Amino acid sequence: MDPNIHRLLNDKLYDKRKVGALELERVIRELCASKDYDRVEAILDQLCNEYAYAVHQPHARNGGLIGLAAAAIALGSELARYLAIIVPPVLACFTDQDARVRYYACEAMYNIAKVAKGEILIYFNHIFDALCKLGADSELSVKNGAELLDRLIKDIVAESAATYVSVLEQPAELDGDETVKDAPDEDRLDLPTAFSLKRFIPLLKERIYATNPFTRTFLVGWIVLLDSIPDLELVTFLPEFLSGLLRFLGDSNRDVHVATQQCLDKFLNEIKRIERVKKGITESKKSKGDGKRKREDSIDSGSVHLAPEEGDEVDSVTAADDDDASSEDDWVPGQDVQINYRAILEILTATLDSPLEEDGLLESLRWIVEFLDICPEEVLPFTPKILAHLLPAMASGVETIRQAAARVNTSLMDYVVSLSDDAELAVMQQQQQPISRIPAPPGIDRQDGNTSTRASLSSSRDLDLRDLRSPTPAQGRAPARTPTPAPSVAHPQVDLDYAAAVSSLTLLFLNDHEATRVAALTWLIMLHRKAPRKVLAFNDGTFPALLKTLSDPSEAVVTKDLQLLSQISRNSEDDYFTNFMVNLLQLFSTDRKLLETRGNLIIRQLCTSLSAERIYRTLADCIEKEEDVEFASIMVQNLNNNLITAPELAELRKRLRNLETKDGQTFFVALFRSWCYNAVATFSLCLLAQAYEQAYNLLQIFAELEMTVNILIQIDKLVQLLESPVFTYLRLQLLEPEKYPHLYKCLYGILMLLPQSSAFAALKNRLNSVSSIGYIHIAPRPYVDSGGPSMPHVRRGSVVEAYNSLTLPSPRKNSMETHTLTRSNATTPSASSFDRPNRLKGREDGIIRWNELLEKFRAVQERARRVQRLGGDVDDGSTLGMGDLRIGDGASDPKVGKEPARTPPVPLKDPPATAPATKPRSGLGRQFGRLGGAVSGRGKRNQ
């Protein structure tokens with residue numbers, strides 16, 4: 001280098017360094033003209049080593065930068081050969097501590113890039129990295145210089161990035177621009193371009209997590225630019241930087257937020273466009289394939305009838321095929337772009353769980369909703385992960401997030417529901433397709449084989465088809481009318497991971513928000529409805545969680561939980577249902593607060609969803625085997641209260657009141673055996689079943705029990721229930737004392753058990769209001785005969801007179817002989833008979849063994865008394881009558897009824913009589929009531 005130039009470049013004044021640079025430019029031009037490239041390289045080495053790399057001489061570095069820029073301008077078209085020498089020292093000056101050096105480095109790189117143009121793209125990554133840092137520089141002049149350089153590099157990239165090939169990459173025989181243009185397209189395609197998106201993406205992935213708002217704005221600007229270049233297809237690399245880009249939405253700088261939102265919108269629109277293009281091409285190919293098959297069919301048919309024109313037909317079809325092939329070769333932008341939906345969904349689902357700002361979470365939800373419309377089959381495998389993070393978002397404190405999460409939840413659930421329908425149709429197509437293609441006579445044997453195959457398939461998949469929604473007749477016949485296209489066969493292969501989904505939803509039971517827990521149970525209900533066998537395969541861990549959820553403080557959660565449990569039980573075998581009832585009783589036994597607060601709700605909800613009789617029968621069988629007598633009594637009391645008051649159990653109450661049928665009798669016996677743990681509940685069960693004589697016999701056993709406060713409270717509640725609409729029929733039956741004599745005894749017996757209280761007064765008023773009706777019915781009857789000679793002084797209307805009117809014959813009574821039966825035994829009511837064929841048959845066949853039921857009641861109550869006295873130490877031998885009662889054919893068990901003296905008469909449901917019976921007045925006391933009952937019973941037997 002000339003000493004004068006050397007001195008000027010080292011000067012501290014910019015103007016003198018500029019003069020030296022101009023002189024250097026002239027020298028290098030002359031050397032290039034003379035092709036003295038060795039000296040040019042020597043000058044460049046001197047500029048780098050003695051000037052640009054002079055770290056502790058800032059003026060020398062500035063002179064070296066302006067000298068390198070001047071040399072680049074002088075080299076012109078020959079610059080590509082020397083860029084490897086010129087660019088590195090300029091890049092090194094970007095990180096200098098002196099702000100003026102950084103500015104002059106930007107100025108020098110600007111001049112170099114302006115000359116090099118596409119060749120500078122070889123060093124794009126280094127320049128981009130430097131600009132990424134300089135964009136956030138504290139010195140304004142440096143930021144302005146970096147912005148100018150950034151604009152120039154963007155222009156170069158937009159113009160040349162997709163196609164420019166460096167002259168250094170060209171082979172010797174293709175050296176020079178003119179030869180490159182003349183080279184074949186195959187050779188040009190094999191050469192690497194100066195800009196490589198694959199080399200750039202790792203750098204972008206590293207810088208995308210910057211926090212400086214200026215750097216973020218710089219990155220978003222470059223992403224938008226690169227995405228706008230069609231041939232680069234930056235969208236294929238979207239998963240590499242999407243996560244960091246979503247974080248930009250939470251930036252406090254509004255400009256960053258707006259730019260990032262626009263960038264994400266462009267990416268999403270581009271994905272939609274690409275998917276539309278691909279679907280359009282697929283449908284086009286499908287339609288062309290159908291047209292080709294139709295033409296082939298027409299050729300086959302034409303070859304039979306129009307043989308001379310066969311050649312012409314083939315030629316025309318061949319020409320049509322050529323047209324189709326040429327149209328298929330037409331390239332549509334976006335048709336060959338491969339988008340990694342799986343990687344994008346991985347990022348979106350991870351974003352749902354990360355502590356992002358509101359805008360980032362909303363954008364992730366929006367993308368998932370769009371993906372459910374674009375490519376739902378790609379979203380399906382991520383359903384468990386999405387649900388795990390989506391459902392908690394439904395309980396967010398931000399309204400917009402809740403609405404967005406609800407939209408995603410609705411769209412995802414709709415797709416899963418439709419997927420089940422598609423799977424069912426695919427199964428039906430596989431079964432029916434062989435039959436729809438039965439050939440002509442030669443294929444008769446194969447037809448039989450297909451029929452048998454279909455039968456085996458249908459038998460093996462019968463349960464699966466039951467679990468899915470049954471198609472309409474048109475859907476069922478569709479495979480027989482039209483062949484199934486190939487894409488529809490592959491679609492049902494995508495299936496939901498039910499195990500992972502059930503596990504994710506079960507974990508959400510522990511969420512603090514009610515909306516999340518309700519949504520999780522709603523999903524489980526839907527999944528079980530669509531594929532019960534798949535959900536039940538993983539219920540080992542789910543079932544205890546569902547039982548525990550019954551203790552949830554939210555009533556809506558408990559209702560959904562019961563709906564799911566009922567649905568599972570409805571579609572399961574009896575063993576599962578019994579196990580559910582046993583576990584439910586165990587839960588009530590361990591959690592008495594749950595039984596107290598939610599017991600009625602749980603029982604009523606289960607009875608609404610399932611068969612109420614099945615529930616009560618199963619619970620009754622379980623309670624009968626219960627060792628905890630106290631819990632059994634409480635459970636029976638709850639079940640009995642629901643049986644009496646619940647509107648959902650109205651049909652069950654009607655069945656109990658009809659003891660004429662075998663079903664009603666067996667159901668009554670099943671309940672009675674377990675109801676024995678609670679005396680008042682057993683009594684009310686008999687009232688509900690209109691077995692008033694059995695209820696009266698229970699009252700006689702009540703006298704042997706200890707009247708505790710709990711029993712008196714239950715009796716008080718029963719009296720209140722007697723005034724409810726459920727027992728309207730019972731109150732009306734009080735108007736027919738001759739038809740229901742034991743009803744009066746039962747109610748007066750309750751009255752005698754109650755202390756002086758409001759319930760006592762209410763029941764007493766009710767009985768007093770109908771007490772005179774009995775005398776109205778029997779008043780005329782004693783005066784047919786004025787009395788026998790042995791009773792001339794009997795007072796009119798006395799008890800003896802009423803007794804005689806029922807026992808002694810009278811002329812009026814003889815006129816009713818056709819409607820009465822003779823009394824076989826006046827002292828043993830158990831041997832009496834009635835003119836009621838159904839009841840007589842039930843009595844003779846032993847459908848209900850009243851004696852055994854009473855003995856069981858006595859034994860259970862005795863056991864409860866011993867348990868109460870001994871503090872829970874129960875002797876195994878105390879369970880007299882447990883399990884000995886059966887619905888038999890009339891044969892009595894010799895083990896039952898060993899105490900005939902204490903056994904009450906065998907009761908039957910009170911039959912109606914044709915003649916009225918004598919009803920004593922209520923004010924004569926307890927003995928009078930017994931005498932009146934005996935008189936009434938004898939009167940019935942004599943009719």
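The values are calculated or read from the model by the stated rules, or taken from the named source; none is laboratory data. Small disclaimer: the values here were computed from a predicted structure and weren't measured. Here the Cβ is made from the backbone with ideal geometry for all residues, glycine too, and neighbour counts use every protein chain on show. Surface accessibility is based on the protein's heavy atoms, side chains included, excluding ligands, DNA and RNA. Shrake-Rupley method; radii C 1.70, N 1.55, O 1.52, S 1.80 Å.
Here is how the numbers come out for the structure above:
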| item | result |
| --- | --- |
| From R61, R100, R151, residue being open to solvent by less than 50 Å² (accessible area, probe 1.4 Å) and among the charged types (D, E, K, R) | R61 |
| Criterion: closer than 20 Å to D11 by Cβ, in a helix (DSSP H, G or I) and in contact (Cβ under 8 Å) with a residue 40 or more places away in the chain - qualifying residue of L121, L68, L131 | L68 |
| Hey, R29 open to solvent by 80 Å² or more (accessible area, probe 1.4 Å) and in contact with a helix residue (DSSP H, G or I) (Cβ under 8 Å, 6 or more places away or on another chain) or not | yes |
| Of all residues in segment 717-738 being over 14 Å from K764 (Cα atoms) and not in a helix (DSSP H, G or I), the one that is most open to solvent (accessible area, probe 1.4 Å) | L735 |
| Flag for L8 being among the hydrophobic types (A, V, I, L, M, F, W, C) and either at pLDDT below 90 or open to solvent by 20 Å² or more (accessible area, probe 1.4 Å) (or both) | yes |
| Any hit, segment 277-297, residues being basic (K, R), open to solvent by 30 Å² or more (accessible area, probe 1.4 Å) and modelled with pLDDT of 90 or more | no |
| Criterion (aliphatic (A, V, I, L, M), over 23 Å from V258 (Cα atoms), at pLDDT below 90 and not in a loop (DSSP other than H, G, I, E, B)) met by exactly one of L189, L152, L232 | L189 |
| Pick from segment 327-357, criterion of a type in the set (D, E) and at pLDDT below 85, ranking: nearest to N253 (Cα to Cα) | E357 |
| Selection within segment 535-585 - modelled with pLDDT of 80 or more and not in a helix (DSSP H, G or I) | L550, S551, D552, P553, S554 |
| Qualifying positions in segment 687-716 - assigned to a helix (DSSP H, G or I) and free of Cβ contacts under 8 Å to residues at least 40 places away in the same chain | V709, N710, I711, I713 |
| Failed item, numbered, when L699 is tested on (1) touching a Cys at 6+ places or on another chain (Cβ under 9 Å); (2) open to solvent by less than 10 Å² (accessible area, probe 1.4 Å) | (2) |
| Segment 203-227, residues that are open to solvent by 30 Å² or more (accessible area, probe 1.4 Å), in contact (Cβ under 8 Å) with a residue 24 or more places away in the chain and outside any helix (DSSP H, G or I) | Y209, N212 |
| Failed condition for V55, given (1) among the hydrophobic types (A, V, I, L, M, F, W, C); (2) open to solvent by 60 Å² or more (accessible area, probe 1.4 Å); (3) modelled with pLDDT of 90 or more | (3) |
| Residues of segment 619-651 that turn out to be assigned to a helix (DSSP H, G or I) and more than 17 Å from N600 (Cα to Cα), as a count | 6 |
| Residue in segment 228-236 that is open to solvent by less than 70 Å² (accessible area, probe 1.4 Å), within 30 Å of S138 (Cα to Cα) and not polar (S, T, N, Q) present | no |
| Of all residues in segment 515-534 being at pLDDT below 85 and of a type in the set (D, E, K, R), the one that is most open to solvent (accessible area, probe 1.4 Å) | R533 |
| Cβ-Cβ under 8 Å pairs, at least 6 apart or on other chains, segment 90-101 side within 18 Å of N144 (Cβ to Cβ), far side crowded, with 17+ Cβ neighbours inside 10 Å and of a type in the set (S, T, N, Q) | R100/N62; V101/N62 |
| L22, sole failed condition from (1) modelled with pLDDT of 90 or more; (2) open to solvent by less than 60 Å² (accessible area, probe 1.4 Å); (3) aliphatic (A, V, I, L, M) | (2) |
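Quick grid of which residues meet (1) open to solvent by 40 Å² or more (accessible area, probe 1.4 Å); (2) touching a Ser or Thr at 6+ places or on another chain (Cβ under 8 Å); (3) charged (D, E, K, R):
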position	(1), (2), (3)
T542	no, yes, no
L547	no, no, no
P553	yes, no, no
K560	yes, yes, yes
Q563	yes, yes, no
S566	no, yes, no
N571	yes, no, no
D574	yes, no, yes
Q586	yes, no, no
